[in-house]
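Colleague: Okay, handing you the structure first.
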């Protein structure tokens with residue numbers, strides 16, 4: 001009589017689809033955030049008051065992180081600790097995006113003008129370019145936090161080699177084609193934006209908030225990776241990763257509308273270099 005060997009089930013790495021209830025929560029949160037931006041408090045002065053920025057930031061943070069928590073808990077059925085950790089991290093990100101960064105931007109812009117080479121923050125083109133570039137930085141930081149928080153045993157060297165080769169290839173094409181001049185013009189708006197906000201009086205506070213958010217995100221995924229019952233269902237964790245990335249994208253779409261509304265009420269000081 002042979003001995004039966006129990007073969008553990010292979011982890012399901014397919015990311016499960018979000019149910020309809022999750023999409024409803026996302027749509028409601030986005031609609032409430034847009035409504036709050038559209039009803040942004042008007043006041044006099046050359047720049048938005050801190051109370052107004054704090055109010056709109058609190059509304060956006062409140063509705064989006066509530067939706068995020070409910071999706072993680074009720075739809076993905078992941079532990080409350082992970083849901084709360086991600087909610088706290090995104091509260092900090094909302095604080096940076098919608099309160100501290102605009103405050104710092106207007107603070108520095110009061111004494112320095114923005115150079116309008118190829119669009120700048122405040123006009124549609126420059127704001128969209130800035131949002132795309134900054135989203136790339138947020139996505140990179142989020143992915144690093146996820147990778148550190150949820151280590152795997154796969155050999156990542158081939159992936160790293162492909163990434164390095166791709167970067168070198170793109171850089172080489174830019175160098176020989178002369179497109180680097182266009183690239184420099186395109187990154188001017190996000191470069192100035194980052195320079196202004198991080199050189200302001202709240203720049204250090206922003207850096208600390210972002211570092212804490214990244215640490216909390218990494219801690220959330222690390223907690224999940226230590227749960228044997230959840231490691232067997234890798235798909236739910238992968239979905240959680242993409243969910244967080246989707247919320248980052250939502251924040252930057254809302255930020256585009258937010259900055260354009262701010263600029264229509266309190267125009268930023270710009271100059272076109274000769």
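Colleague: Given labels modelled 7 Å from the Cα in the Cβ direction, how far is it in nm from residue 113 to residue 211?
Modeller: My value for the distance between the label points is 3.6 nm.
Colleague: For each of 255, 242, count neighbouring Cβ atoms within 10 Å of the residue's Cβ, then give the residues from fewest to most. Write down the numbers at each step before the final one.
Modeller: Working: 255 22, 242 11.
Going from least to most buried by this count: 242, 255.
Colleague: Sort 112, 226 by Cβ crowding within 10 Å, fewest neighbours at the top. Spell out each step's value before the answer.
Modeller: Working: 112 14, 226 10.
Fewest-to-most ranking of 112, 226: 226, 112.
Colleague: What distance in nm lies between label points placed 7 Å from Cα along the C-beta direction at residue 144 and residue 245?
Modeller: 1.7
No lab work stands behind these numbers, since they all come straight from the coordinates. Keep in mind the model is a prediction, meaning the values are calculated, not measured. Using ideal geometry, Cβ is built from the backbone for each residue, glycine included, and neighbour counts are taken over all protein chains shown.
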